[in-house]
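Engineer: Okay, here's the structure, questions in a sec.
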Amino acid sequence: MDKCVLAYSGGLDTSVAVQWIAEKYGVEIIAVAVDVGEEKNYEAIRQKALQVGAVESIVVDARQEFFDEYLTRAIAANLMYEGRYPAFTALARPLLAKKQAEIALERGAKYLAHGCTGKGNDQVRFEVAYAALAPGTAVIAPAREWGMTREQEIDYAEAHGIPVPVGKASPYSTDTNLWGRSIECGQIEDPSLEGPADAWQWTVDPAAAPDEPAYVKITFERGVPVALDGKTLPGAELVATLNQLGGAHGVGRIDMVENRLVGIKSRELYEAPAATILLEAHRDLEALTLDRETTHFKAHLELRYSELVYYGLWFTPLREAIDAFMADTQKRVSGEVTVKLFKGRAQAVARESERSLYDFALATYDEGDIFDPSDSPGFIHLWGLPAKITARVDREAK
Ligand code: ARG
């Protein structure tokens, strides 16, 4: 029998998908759940896939790989889609797809499947990655194909012995990994209303955050965060710790209307304490250690990079080439940044580096100043020469 490798989450949609695909396509289902830092019981998820009819069920712990191969690059590129969204879902999808594709190639599977709807960005990210990594396989997207309403899906589940979550279902649709948590649907779909209080789970309301600030010192080596308050931590743990710390101070709430790849605008709530803190610290350290021209040029590529990642183009030569540029810039980005967490804000307040380009003797207005102001008039004369000549010619042409 042909095989299909399904990205499995343990939720209702992908559980229904196991049976729906098996029936409709006459295939065996291999379920794959990838742990990218959503704190769930993965052994229970593995069991559940078998219980609902998968012939094989695999859990991959990819937390550290997610940090090493994806989050470090996001940090180097100060990745924020449209200036605000740290793109955590967009970063995780290629990794999920990669794990699926590897298993599909090993098992000789004919199909790859995911539970995304036909309206979002995630279907694009999965399928572009499948196309790049397992070009011989075909895609099945059950939630895009079956046309069932929520009620019909529940009826289908009950008729097929698939456990249906009891109690009132949450009005929200969420996605979670190490780098953040997204919340959509329900009242959030009305952008004229403030996001409902019960949507937030990782962060306290900034108004209710502690009255005393907290300080955290982050050590970077070549752009990679490696220690908190002097204590070296594996990346995945460092990020999880900052999510806790930042969340307790209400840091990292994001409320935005964003442009989806599929052409529509959507209103999104995000919680991303660690991403907010680390990007603030990283940008601050770059300000200290990178020269002006590199910093300004890098900003152009950062914008392009954020689009590439959001648009599902992870496995492409341009992404790799921009990464190579970013990696080169990070050679100098080592040092320590202290970030103050207070009432929803994360602010870099102190920084040090052996590679610091800040020269006290050049910067000071006090004693010890070595900057020679008599260099300035000549510099300004030449700098302004084109403006002066153009203005003169314009005047004479009138
Ligand atoms: N809008 C964000 C993005 O496109 C978040 C998507 C969350 N995905 C989900 N299936 N709930 O990256």
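Engineer: Once you order the gyration tensor axes a ≥ b ≥ c over the Cα atoms, which shape class does segment 246-353 get: rounded for a/c under 1.5, otherwise prolate or oblate by comparing a/b with b/c?
Structural biologist: oblate
Engineer: Which one of I30, I58, I154 has the biggest mean-square fluctuation once the chain is modelled by GNM with Cα springs under 10 Å?
Structural biologist: I154
Engineer: Could you pull out the GluC sites (Glu not before Pro) across segment 134-210 that fall in loop regions by DSSP (anything but H, G, I, E, B) with no more than 16 other Cβ atoms inside 10 Å? The partial results should precede the final answer.
Structural biologist: Numbers: sites: E145, E151, E153, E158, E184, E189, E194; in loops: E194.
Sites meeting the loop and neighbour criteria: E194.
Engineer: Could you tell me whether the chain comes out rounded, prolate or oblate from its Cα gyration tensor? Rule is a ≥ b ≥ c as square roots of the eigenvalues, rounded for a/c under 1.5, then prolate if a/b exceeds b/c, otherwise oblate.
Structural biologist: Since a/c reaches 1.5 and a/b is larger than b/c, the shape of the chain is classed as prolate.
Engineer: Now for a separate question. Compute the length gained on full extension between K343 and A361: take 0.36 nm times their separation in residues and subtract their Cα-Cα distance, giving the result in nm to one decimal.
Structural biologist: Computed gain between K343 and A361 is 2.9 nm.
Engineer: Sticking with this structure for a sec: How would you order 99-106, 204-211 from highest to lowest mean count of nearby Cβ atoms within 10 Å?
Structural biologist: 99-106, 204-211
Engineer: Cα to Cα, under 18 Å, and not fewer than 8 places away if on the same chain: which lysines meet these conditions relative to K40?
Structural biologist: K48
Engineer: Note the full-extension length gain between E158 and D2 as 0.36 nm times their separation in residues minus their Cα-Cα distance, in nm to one decimal.
Structural biologist: 53.5 nm
Engineer: Counting helices only, and only those DSSP H runs with n ≥ 4, report the 222 nm mean residue ellipticity of the chain as the sum of -39,500 (n - 2.57) divided by its residues, in deg cm²/dmol to the nearest 500.
Structural biologist: -12500 deg cm²/dmol
Engineer: With r defined as the distance between the Cβ atoms of C185 and E293 and R0 fixed at 30 Å, what FRET efficiency is calculated, to the nearest 0.05? Don't skip to the end; give the middle numbers.
Structural biologist: Numbers: r = 45 Å, r/R0 = 1.49.
E between C185 and E293, to the nearest 0.05, is 0.10.
Engineer: Normalised by the number of residues in segment 275-357, what is the relative contact order in percent for Cα pairs under 8 Å and 6+ residues apart? Write down the numbers at each step before the final one.
Structural biologist: Values: 83 pairs, mean separation 35.7, N = 83.
Relative contact order, segment 275-357: 43 percent.
Engineer: Take every Cα pair under 8 Å in segment 233-295 that's 6+ residues apart, average their separations, divide by the length, and report that relative contact order as a whole percent.
Structural biologist: Over segment 233-295, the number comes to 31 percent.
Engineer: May I ask you to compute the full-extension gain from A350 to V257, defined as 0.36 nm times their residue separation minus their alpha-carbon distance, rounded to one decimal in nm?
Structural biologist: 30.2 nm
Engineer: Can you tell me the 0 to 90 degree angle between the C-alpha axis of helix 122-133 and the longest principal axis of the chain, rounded to 10?
Structural biologist: The angle comes out near 90 degrees.
Engineer: Cα gyration tensor of segment 79-172, axes a ≥ b ≥ c as square roots of the eigenvalues: rounded (a/c below 1.5), prolate (a/b > b/c) or oblate?
Structural biologist: oblate
Engineer: List the relative contact order of segment 321-398 as a percent without decimals, with contacts defined as Cα pairs under 8 Å and 6+ residues apart. Before the final figure, lay out the partial values.
Structural biologist: On the way: 41 pairs, mean separation 12.4, N = 78.
Here the relative contact order equals 16 percent.
Engineer: Could you list the GluC sites (Glu not before Pro) in segment 24-77 that lie in coil according to DSSP, counting only those with at most 12 other Cβ atoms within 10 Å of their Cβ?
Structural biologist: E39
No value in this document is a laboratory result; all are computed from the given coordinates. Everything numeric here is computed off the predicted structure, so don't read it as measured data. Positions of Cβ are backbone-derived with ideal geometry, glycine not excepted, and every protein chain shown enters the neighbour counts.
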